[in-house]
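Inspection log for the structure reproduced underneath, given as structure tokens.
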Amino acid sequence: MSTLFIDTSYNVTLGLLKANAQWTQLKTYPGKKSSSILQPEVYNLLQEYNIDPRSLAQIVSIAGPGFYTGLRLTEGFCDVFKFFEVPHYSFYSYEIPCLLDVAEGCFLTKAYRGEYFLHSWAKGVQKNEMIATKDLAEKLATIKQIYIHSLESLDEFSKEMLPECVMTTDLLKSHGELVLSKVIDKKLFRESFYFRPPEDEFKANP
């Protein structure tokens, strides 16, 4: 039985992982709107490998951080599979290094509205912070190892000052079986992660 992987936190990435195997396919669709391609591309992927949606072992998705619309779309799409009794598990991009037993580090992504989101972990302690643009350079200077989701998760300002970093999408590509097996074994399910409550994120500017 196969596992369907979905990530619409920034670009759309779809994957298929067979039991005890490497990725059968892992493909990113840069610049494509998730609302226009998610359903047809999942259909094409399952058709290509002759997989009945009802026969999936489970769906595993990224629950953020990322674009509000993309996260909501995946959440609703995966809910449909409950009719087929296909389990849905999810995790955050910043959990990938921890799932690979990385002892400490920091995950950075743009949070819009002049802020950046930073998740750090060390010695079993985790912390989430919102960093203002004016404070980003000083904050980055104190960090030894930085992880990002992908280049699309940064803006030009942060790209210019960011030191060498590791993309969690690359880690997932090379260690997908290990990451997803841990998510499934732990039966992880994370609520979609938004940087701010929707009523604050979408309120009109004064």
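Quick look at the numbers
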read-out: Qualifying residues in segment 1-27 (those that are of a type in the set (Ser, Thr, Tyr) and crowded, with 17+ Cβ neighbours inside 10 Å) - the one farthest from HIS149 (Cα to Cα); value: SER2
read-out: Check on GLU164, touching a Lys or Arg at 6+ places or on another chain (Cβ under 9 Å), over 21 Å from THR8 (Cα atoms) and among the acidic types (Asp, Glu); value: no
read-out: Residue in segment 64-86 that is nearest to LEU154 (Cα to Cα), counting only those that are over 13 Å from the mean Cα position of the chain (by Cα) and crowded, with 17+ Cβ neighbours inside 10 Å; value: LEU73
read-out: Helices (runs of 4 or more DSSP H) (entirely within segment 119-206) containing at least 1 residues that are under 18 Å from the mean Cα position of the chain (by Cα), surrounded by fewer than 18 Cβ atoms within 10 Å (Cβ to Cβ) and at negative phi; value: 168-185
read-out: Matching residues in segment 87-118 - criterion: being within 15 Å of the chain's Cα centre (by Cα), under 19 Å from ARG196 (Cβ atoms) and of a type in the set (D, E, K, R); value: LYS110
read-out: Segment 109-141, residues that are of a type in the set (Ser, Thr, Tyr) and at pLDDT below 90; value: TYR112
read-out: Boolean, TYR49 is under 22 Å from SER174 (Cα atoms), outside the structural domain of THR109 (by TED's automatic domain parsing) and in contact (Cβ under 8 Å) with a residue 40 or more places away in the chain; value: yes
read-out: Unmet criterion (only one of (1) within 26 Å of LYS33 (Cα to Cα); (2) among the hydroxyl-bearing types (Ser, Thr, Tyr); (3) without any contact (Cβ under 8 Å) to a residue 60 or more places away in the chain) for SER153; value: (3)
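The values are calculated or read from the model by the stated rules, or taken from the named source; none is laboratory data. Please read these numbers as outputs of a predicted model, since none were measured by experiment. As a convention, Cβ positions derive from the backbone with ideal geometry for all residues, glycine included, and neighbour counts pool all protein chains shown.
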